[in-house]
Amino acid sequence: MSHEQRLPSTEKPLTVLHVSLYHPTQDPDTFANVPPKLQHDTNPLLVGRGPDAHLQLRLPCLSRRHLSLEPYREKGGTPLAFCLKALSRKGCVWVNGLTLRFLEQVPLSVVNRVAFSGIQMVVRIERGTSLEAFVCCFHLSSSPLIHRPQAEETDEWESKPQEQPPPSSGQRAPDHRGLIHGPSHPSPGGGTQTQLQKEPSESMLC
């Protein structure tokens, strides 16, 4: 124990995000710029097709900055926690049964299922003690990561007619808190929290 306390902060184990990616077209160009491993500081990690995205995906329907993985410290907690924020004005992001619109964000749990613009992503968090940086390890999958009736989802949610599902057709177990935060920091007490609609079924992905 005393040996661990003498270690400088740069040698503390980093939190690792294991990120698995899948796209049904299996086009190698889609993930051509995905590195096997990426070490990142505590600034948001951007995902999109733009040149400034840390995780750059080559899909024309993707926004230049589509979403971000944002580390933060919880009150009283030492390891880094993470939230996922939607940054696309034209599309949305499906996270663990919730749909995020522009600038909405949700805290991530240990294992997270994410879908956007046809891409399926699973993020598994392996906690470390360093507060200065984290590591992303990227894995490309040849088979679907999220099983749902509809293989493709559309990103044009604003142009679709508002389909209201039957009032009691929701099948998803209410085990997720379903809270989102506005543009403010995800730490408790940071900003207004509002109730986010739960997806009635996985076929309603954006």
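The values are calculated or read from the model by the stated rules, or taken from the named source; none is laboratory data. Given the structure is predicted, the values throughout are model-derived calculations rather than measurements. All Cβ positions, glycine included, derive from the backbone under ideal geometry; neighbour counts span all protein chains shown. Just the protein is used for accessible areas: all its heavy atoms, side chains included, with ligands, DNA and RNA removed. Shrake-Rupley method; radii C 1.70, N 1.55, O 1.52, S 1.80 Å.
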Extension reserve of the Cys61-Thr42 stretch, reckoned as 0.36 nm per residue once the Cα distance is removed: 4.0 nm
log10 of Debye I(q)/I(0), alpha-carbon scatterers only, for segment 16-86 at 0.20, 0.25 Å⁻¹: -0.89, -1.24
Percent carbon-and-sulfur accessible area, segment 46-157, ignoring ligands, DNA and RNA, probe 1.4 Å: 53
Peptide ranges 60-71, 32-43, 112-123, 135-146 listed from the most packed, as the mean C-beta count within 10 angstrom indicates: 112-123, 60-71, 135-146, 32-43
FRET efficiency for Thr129 and Asp52, using Cβ-Cβ distance with R0 set to 25 Å, rounded to 0.05: 0.25
Residues Ser143 and Asp27, FRET efficiency given R0 of 22 Å [Cβ-Cβ distance, rounded to 0.05]: 0.90
